[in-house]
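Heads up, the thing below is written out as structure tokens.
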Amino acid sequence: MVVLGAGPAGLVLGNLLLDSGVDCVVVERAEAAQVRTRARAGFLAAHTVRVLQRHGLDEGLRRRGQEHGVCEFRTADGGFRLDYGRLGRGERHTVYPQQELVGDLLTRFVGRGGRVRFGVEAVAVLDADTGRPSVSVREADGRPGGFRARYVAGCDGRHGAARRSLPAGSVRRYPCDHGVTWLGLLAQAPPSMDAVGYAVHERGFAGHMARSSDVTRYYLQCERGTPAGAWSQERIWDELDLRMRAKEHGPLERGPFTQRSVVELTSDVLEPLRHGSLFLAGDAAALISPSAAKGANLAVLEAELLALALVADLLHGDPTGLDSYSARCLAHIWRAQEFSHWMIGLLHGPSGRDGGSPFHHALWRSRLDSLRTSRSRQDWFAEHYVGV
Ligand code: RFL
């Protein structure tokens, strides 16, 4: 078994295969240090935590993860909080930075004898429509190389070799550009509030999410095409203060930004998630905008489903799990896409694509109002916000 990519999808899959005695190698383009330090997601769904617990992959998470169950909306009409951990199914998020989860998964995989080939780039998956696919790679020293296996798992993200290797017409693509761009920021500063903060402002959306006691993620909607380094730190903090309405709600704790990235809110789903002996999981299967923090959670869900199906096939000769893998994942993916799309509308009412239209503005206010006042709407929100 060859697994492309050592992100959450590839490493959950690798650990589960290793535990079941399936021989596998993980091929990763980046170096180990880079894989362990890439800061991205931080909010793990209750289902994700259950998967990690079920397979004994939750040791670091249990010690350092923080439970979280409140979000706060701030608008020109005031603000309101939702104690979503007590609504819906009563589930909460666990805040645990993605790079720490990836570090834990990697340490466990390697510690148990798992093989990861760092610095090796997959170039193409060949012969996927046969029972003996192969992966051509570029080794760390630039020389060509390759692997042969019964199955290949494409967990190498949106721009990986797995997606590139799909023959034209073999899968259907569902791309969507939501027309919104965020500046993603990591601040070396403690969280400024005890909730996920969503500020909906005429100048654009601003978001606040805790990562740890001294690191906070912020998002700031910006014009498309804005370079990540275009704004000074002071200008960013002033703009965050303005949109988060610091005058009414209290100032933000400032600190240097240690990471900046431009995040264009796009989605891109492939269907089916299989081409012969090649299976897709995580961002390689479906890209989802970070508006509802679903990407890493879907990656873990899909990796578990794929691992169980591969073990059933390879060790017990039962292919039914592999046959239904794509349809089962896509049901979760589309529910997550639907909720994320709804969130994009909620978070960008006055500043999104339709923001200038009085009709859409009134619709957005009504959407927010029903979330503030309707218990059944709040239960629906909580279920989809924490769930995958
Ligand atoms: P990853 O984590 O991108 O890992 C893919 C791995 O494949 C390697 N690779 C290759 N290796 C070999 N050969 C090639 N040709 C290769 N091409 C690529 C890469 O080096 C990498 O190591 O994909 P995976 O495992 O599918 O996991 C997906 C998640 O990383 C992603 O969905 C989330 O980070 C999305 N996301 C969030 N998700 C959440 O659930 N909650 C959040 O709070 C959250 N916040 C975020 C996010 C994504 C963000 N970015 C990247 C836009 C915040 C941000 C800023």
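For the reader, a short list of remarks on this structure follows.
- Any hit, the range 268-291, residues being assigned to a helix (DSSP H, G or I), small (Gly, Ala, Ser), surrounded by 18 or more Cβ atoms within 10 Å (Cβ to Cβ) and more than 8 Å from the ligand (Cβ to nearest atom): yes
- From the list 65, 69, 10, 60, the lone residue that is modelled with pLDDT of 95 or more, within 23 Å of residue 128 (Cβ to Cβ) and of a type outside the set (A, V, I, L, M) is 10.
- Counting the residues of the range 55-70 that are part of a helix (DSSP H, G or I) and not basic (Lys, Arg) gives 3.
- Test for residue 206: is it free of Cβ contacts under 8 Å to residues at least 40 places away in the same chain and in contact with a helix residue (DSSP H, G or I) (Cβ under 7 Å, 6 or more places away or on another chain): yes
- Among the residues making up the range 138-191, those that are touching a helix residue (DSSP H, G or I) at 6+ places or on another chain (Cβ under 9 Å), within 12 Å of the ligand (Cβ to nearest atom) and part of a strand (DSSP E or B) are 152, 153, 154, 182, 183, 184, 185.
- Selection of the range 101-137 for residues being β-branched (Val, Ile, Thr), touching a residue at least 40 places away in the same chain (Cβ under 8 Å) and away from the ligand (no atom under 13 Å from the Cβ) yields only 130.
- Here is the figure for the range 25-54: residues that are buried (at least 23 other Cβ atoms within 10 Å of the Cβ), more than 11 Å from the ligand (Cβ to nearest atom) and not in a helix (DSSP H, G or I) total 0.
- Residue check, residue 352 surrounded by 15 or more Cβ atoms within 10 Å (Cβ to Cβ), modelled with pLDDT under 95 and either not in a helix (DSSP H, G or I) or not acidic (Asp, Glu) (or both): yes
- The residue of the range 232-247 that is surrounded by the fewest Cβ atoms within 10 Å (Cβ to Cβ), among those that are more than 26 Å from the chain's Cα centre (by Cα) and in contact (Cβ under 8 Å) with a residue 40 or more places away in the chain, is 242.
- Answer residue from the range 260-301, given it is of a type in the set (Lys, Arg) and in contact (Cβ under 8 Å) with a residue 60 or more places away in the chain and is farthest from residue 388 (Cα to Cα) among those: 260
The values are calculated or read from the model by the stated rules, or taken from the named source; none is laboratory data. What you see is a predicted model; the values in this text were computed from it and never measured. Virtual Cβ from ideal backbone geometry, glycine too; neighbours counted across all protein chains shown.
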